[in-house]
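Remarks on the structure that follows.
The values are calculated or read from the model by the stated rules, or taken from the named source; none is laboratory data. Everything numeric here is computed off the predicted structure, so don't read it as measured data. Cβ: placed from backbone, ideal geometry, glycine included. Neighbour counts: every protein chain shown. Side chains included, ligands, DNA and RNA excluded: accessible areas come from the protein's heavy atoms. Shrake-Rupley method; radii C 1.70, N 1.55, O 1.52, S 1.80 Å.
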Amino acid sequence: MEIMKKRLVIIPAYNEAGSIVRTVEDIKQNAPTFDYVVINDCSTDDTREICEQHHYHLVNLPINSGIGAAVQTGYMYAQRYGYDYAIQVDGDGQHDAKFLEKMADYMEENDLHMLIGSRFIEHEGFQSSSLRRIGIRYFTWLIRLFTGQTITDPTSGMRMVNREVICYFAKEYPKDYPEPETAVVILKKGWKVREIPVEMKARQSGVSSISMKRSVYYMIKVSLACFMAAIAN
């Protein structure tokens, strides 16, 4: 009898009281073969209390550590408890859990290291703002420059990885804005990366951590991080 691989959804959450219940219940209903863990990044709203009231699987960070540290905590959890696949699903409800089973099956069938859920293959669902799409196209170009491969949605947080990458990310993971940088790292290592079409939703509540003010900082920092990742691997 074939044993199903263990699958984990990592849900980083900072001040997601308005959407965390919908996010977790979506996973429980539409991805029943997945376990999940909410990584509460020391939220100042009721995120922790809501998760505890609903008896959700929860890890509480003692200080606000940023998206990178929250996701890495999830990978450390996945490594410790022996998961074969792990995927990040944002706590703001943008990622649709109905695609998770399909992604896991595709990962296994194609023996991939990373599978990225892209909203820009079939252009269905929420496509982000026009300004952010310009930034996304820039990072697509930058990653192609450094690796020779095209990632249509390089800022997508909906990325599934296998056990080998789980163990790597548990030890090495960027603190800020990790998606483009880690895509470069994985591609430069020669690991197998593909994309699959998914649909995403508009943020259900709260605000993005990347404000207009931080956009310039984001572009410069991530560009430099991608460059350093390209020459180091």
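A few points about this structure:
- Ligands, DNA and RNA excluded, the heavy atoms of His57 present near 90 Å² of accessible surface to a 1.4 Å solvent probe.
- Share of carbon and sulfur in the accessible heavy-atom surface of the chain [1.4 Å probe, %]: 53
- Helix runs (DSSP H) in the chain reaching 24 Å along axis by Cα, Kyte-Doolittle at least 1.0: 212-232
- Pairs beyond 29 Å (Cα-Cα), from Lys6/Lys221; Lys192/Lys221; Lys28/Lys188; Lys5/Lys221: Lys6/Lys221; Lys28/Lys188; Lys5/Lys221
- Residue with peak Gaussian network fluctuation, the chain [Cα springs, cutoff 10 Å], from Pro174, Pro62, Pro12: Pro62
- Förster radius 35 Å - calculated FRET efficiency between Met219 and Tyr106 (Cβ-Cβ, nearest 0.05): 0.65
- Length added when fully stretched, Glu199-Leu131, from 0.36 nm per residue minus Cα-Cα: 22.6 nm
- Largest first, the residues Asp41, Asp111, Asp84 sort by 1.4 Å accessible area into Asp111, Asp84, Asp41.
- Charge dipole (debye, nearest 20) of region 128-182; +1 at Cβ of Lys and Arg, -1 at Cβ of Asp and Glu: 140
- Here the chain is treated with +1 on each Lys and Arg Cβ and -1 on each Asp and Glu Cβ, and its dipole about the Cα centre works out to around 800 debye.
- Exposure ranking of Cys42, Cys226 by accessible area [1.4 Å probe, largest first]: Cys42, Cys226
- Electrostatic dipole magnitude of region 1-67 [Cβ: Lys, Arg +1; Asp, Glu -1; Cα centre; debye, to 20]: 320
- Per-pair calculated FRET efficiency, R0 = 22 Å: Phe227 and Trp191 via Cβ, rounded to 0.05: 0.65
- Mean residue ellipticity (222 nm) of the chain, computed from DSSP H runs ≥ 4 via -39,500 (n - 2.57), nearest 500: -14000 deg cm²/dmol
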